[in-house]
Amino acid sequence: MATAPQPMATALKSISDRARRISPDKKVRLAVVPLKGTESQRFGDKGFGVYLTEQLSTALSSAGPAIRLFERSRLDVVLKEQALSSSGLMDESEARKIGELAPIDYLLTGTFTRLDRSIAIQVRYLDVVSGEVVASLSESVDLTPDLAGLFEDLQAGPTPATEPKPTANPCEPKWIPIRNLMEDIGTQEKVEGLVKEATAIPFEGACGKIHDHVVWHLVRYKQHSASYRQFLVGVIPGIQNPDEDDRTGAILSYLEAEPSLEEGEWRAIQGLMARSRRPWGYLDLLLRDRENSDASRQRQMVRIGLLLKEAQAGRIGRPVPVEAGKLFTQILGRLRSSGAKTPDLRAAVLCYGRFGASCGVDGDKELLSLLSHLFTHSTGAPRAQALTWLGQRVAAAEPSRDLAEQVVRLYEGLLKDSGKNKAPSVRELRRTPEMDRLASLCGQRMADVLPQVINRESRIELKRFCLAYGISGSEVPSPEELLKQLDAEPVHERQEALRMLAALGERAKAAEPRVLKLLRRADVLSGWGGQMRYLQRDLLDFAGVIRTNNPELQRILVQHLTSLEPLFYEAAMQSLARIGAPTIPLLKESYGPVEQYPKQLIARTFGLMGGQARAQTPWLRSMMGSAPNVHVRNALEDAIEAIETPQSK
């Protein structure tokens, strides 16, 4: 069904609005192919096609930052090189060919047909990758007297609607010199000449539309004028409803073309944000920092602070002011999505230090996620500060599934930074200064969220953390409960108990008798089968965690060096090295009777001890001199080198 004729401005707005909706989640890179009249020969098109294309380009350029218009002159070059039509509808193959040569996502093509009292406009949006039509639109525009003058057969004579002879366009005398000056802006002097003529025309009313053309023209050809910029900024205070005023888009388009905003310009744009129902649309421009210097980041921090102060006072957004916390999360999100590096985030970090107490709702998922991002991508003092804020937010939040997910993600990141092996292990929890800080800030809340943690491995690791720092909770077992669990029938429950007890380190020595009892019952030569093998490995690991001084348990560890099972002898070596000097006499005693490969393992164990075995280097050298096997000699030599090489902390 044909639409009723409407003003040209309404049709252009519909076309530009449709362009914004093509890809709402990202900016649309668009090129406009001149529209061609289907009946141009019959009706004698003498400028309407060019006028329509220019008006459409202006509307799209003023539609806001969501649309990036490809420069017309560059498109002309591509079309000419490929011998493609410079106007009208294009087919799929032509669209794809342009997409290979130009940095665009979509083409806007179309035609127009002049009817008796209206002009029918048909446009299509083509995906330049697939060539497919992703959207199409039909609009009917009133054939007004000024538009009729762009058709040769209507330039002299009555209008199709038998209306009275149109009166002269009052803006035409002002538009003619502007149009002439726009033909050549090749020098700065000529640009200023155009600007001088334009600024004599107020940017309001019907004639104010001339500035839409001037703005688009200067942006298109990347021509800057400080005086025109000042003129446009002076218009902003008079824009009381920026969401409905077309001047807003034109002014923002011009200001966005420059690398940064001066102080007065920034405050003027912030005023638009304060009066807008869609304040988030102004943040990218207000937060932009293309200088990337310490001075610019400091300036950005001050500006973020001003935005938050205005939000706290209820002076941003309408009809309901935005919350300061929501504004802060939006600010951090924009900085992150723009690819800001750690130094660029410093402004937001410092700002949160000043306004953090009133930013957001405790436990807010998005805020926690953004603070986690700051923590992960920072170093030094900013990282320590971000961890402090994170801990404070977690401590103040109510336990929930979202909070549990954030806690798990944060803690697993700390485990990764500490160098913890990803494979399940009973080894002692490696405490770091950052873990100490986290425990002091929000350790109790980490215990409180355990019932909301779904993943079994994550739940065990959080329990280990709580045990290591003496944090109690309904889901945190006591050492006494874990000792009883070592006698449980299911093997996996024994393994879990060992892993959690290992978090206590040497404080878990109360489990030593049970560990010794279980290892006594293991057949050292043949090993246990199935899952029992991994329990045996964990028992051997645990002996090193508690630094056992039990001679029998130490002897069992040495005996496992004769095992052909890497699962056992690797665990035994690590535990013997952790126990250190007390096991050295037993290792030296066992060296003589064993086969060649166990000798290599004993040598490797000395190497793992490092400085603790320094007094044994003469003995190791003597063994190396008498070793008949080259592999044993190499292992002894490697051990001596490891002992004598200072270990970095």
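Read-outs: derived from the displayed coordinates by stated rules, not from any lab. Quick caveat: nothing in here was measured; it's all calculated off a predicted structure. Cβ atoms come from the backbone with ideal geometry, glycine included; neighbour counts cover every protein chain shown.
Going toward the positive end of the dipole of the chain, with +1 on Lys and Arg Cβ and -1 on Asp and Glu Cβ, which of A313, T10, I210 do you reach last?
Toward the positive end, the furthest listed residue is A313.
Kindly express, to the nearest 10 degrees and within the range 0 to 90, the angle between helix 531-545's C-alpha long axis and the longest C-alpha principal axis of the chain.
80
About its Cα centre, what dipole magnitude does region 8-161 give when the only charges are +1 on Lys and Arg Cβ and -1 on Asp and Glu Cβ, stated in debye to the nearest 20? All intermediate terms of the calculation are to be shown ahead of the outcome.
Numbers: 19 positive and 21 negative charges, 84 e Å.
Around 400 debye, computed over region 8-161.
Which residues in region 468-496 place their backbone N less than 18 Å from a point set 7 Å from the Cα of R547 along the Cα-to-Cβ direction?
Counting only backbone N, you get 468-469.
What percent does the relative contact order of region 498-615 come to when contacts are Cα pairs within less than 8 Å and at least six residues apart?
23
How much FRET efficiency would the formula 1/(1 + (r/R0)^6) give for S296 and D91, where r is the Cβ-Cβ distance and R0 is 35 Å, rounded to 0.05?
After rounding to 0.05, the efficiency reads 0.15.
Just want the ordering: M532, M446, from fewest to most Cβ atoms lying within 10 Å of their own Cβ.
M532, M446
Hey, got the dipole for the chain? About the Cα centre, +1 on K and R Cβ, -1 on D and E Cβ, debye to the nearest 20?
Values: 85 positive and 81 negative charges, 423 e Å.
With only Lys, Arg, Asp and Glu charged at Cβ, the dipole is about 2040 debye.
Which is farthest toward the positive dipole end of the chain among V129, L601, G580, measuring Cα position about the Cα centre, with Cβ charges +1 (Lys, Arg) and -1 (Asp, Glu)?
Farthest towards the positive pole: G580.
Calculate the dipole size of region 215-336 relative to its Cα centre from +1 charges on Lys and Arg beta carbons and -1 charges on Asp and Glu beta carbons; express the result in debye to the nearest 20.
For region 215-336, the charge dipole is close to 240 debye.
What nm distance separates the two modelled labels at R179 and R401, each placed 7 Å from Cα along Cα→Cβ?
6.4
Can you give the calculated 222 nm mean residue ellipticity of the chain, where each DSSP H run of n ≥ 4 adds -39,500 (n - 2.57) and the sum is split over every residue, rounded to the nearest 500 deg cm²/dmol?
-17000 deg cm²/dmol
Can you tell which of M500, P103, L486 lies farthest toward the positive end of the dipole of the chain, using +1 and -1 charges on the Cβ of basic and acidic side chains (Lys, Arg; Asp, Glu)?
Final value for the positive-end residue is L486.
What FRET efficiency comes out for A206 versus H377 if R0 is 45 angstrom and r is the Cβ-Cβ distance? Round to the nearest 0.05.
0.30
Ranked highest first by average number of other Cβ atoms within 10 Å, how do 69-79, 137-147 line up?
Result, highest mean Cβ count within 10 Å first: 137-147, 69-79.
Counting only residues 5 or more places away or on other chains, whose amide H sits under 5 Å from the amide H of A135 once H atoms are built in the peptide plane?
HN-HN under 5 Å from A135: Y125.
Mind checking the angle between helix 172-182 and the chain's longest principal axis? C-alpha axes, 0 to 90 degrees, to the nearest 10.
It is inclined by approximately 50 degrees.
Say R0 is 22 Å: what FRET efficiency, to the nearest 0.05, do Q392 and V320 get from their beta-carbon distance?
0.20
What does the C-alpha gyration tensor say about the overall shape of region 168-258? Classify as rounded when a/c is under 1.5, otherwise prolate if a/b is larger than b/c, or oblate.
Oblate.
Fewest Cβ neighbours within 10 Å first, please rank T248, T562 accordingly.
Going from sparsest to densest Cβ surroundings: T562, T248.
Calculate how many DSSP beta bridges within the chain are antiparallel, expressed in % of all such bridges and rounded to the nearest 5.
Details: 19 of 28 bridges.
Close to 70 percent.
Would you mind ranking Y254, Y51 by Cβ crowding within 10 Å, fewest neighbours first?
Y51, Y254
L60: net charge of surrounding residues, Cβ under 10 Å, Lys/Arg +1, Asp/Glu -1, itself excluded?
Combined, the nearby Lys, Arg, Asp and Glu give +2.
What is the helix-to-structure angle for 456-468, meaning the angle in degrees between its Cα long axis and the longest Cα principal axis of the chain, kept from 0 to 90 and rounded to the nearest 10?
For 456-468 against the chain, the angle is about 60 degrees.
Gain in length, V129 to A257, computed as 0.36 nm per residue apart minus the alpha-carbon separation, to one decimal in nm?
Details: separation 128, 0.36 × 128 = 46.08 nm, distance 2.76 nm.
In short, 43.3 nm is gained.
Could you tell me which of the pairs K196/K222; K46/K97; K13/K36; K517/K599 are separated by over 23 angstrom between their Cα atoms in the structure shown?
Cα-Cα > 23 Å for K46/K97; K517/K599; rest within.
Please tell me the relative contact order of region 168-258 in percent, rounded to the nearest whole number, where contacts are Cα pairs under 8 Å and at least six residues apart.
26
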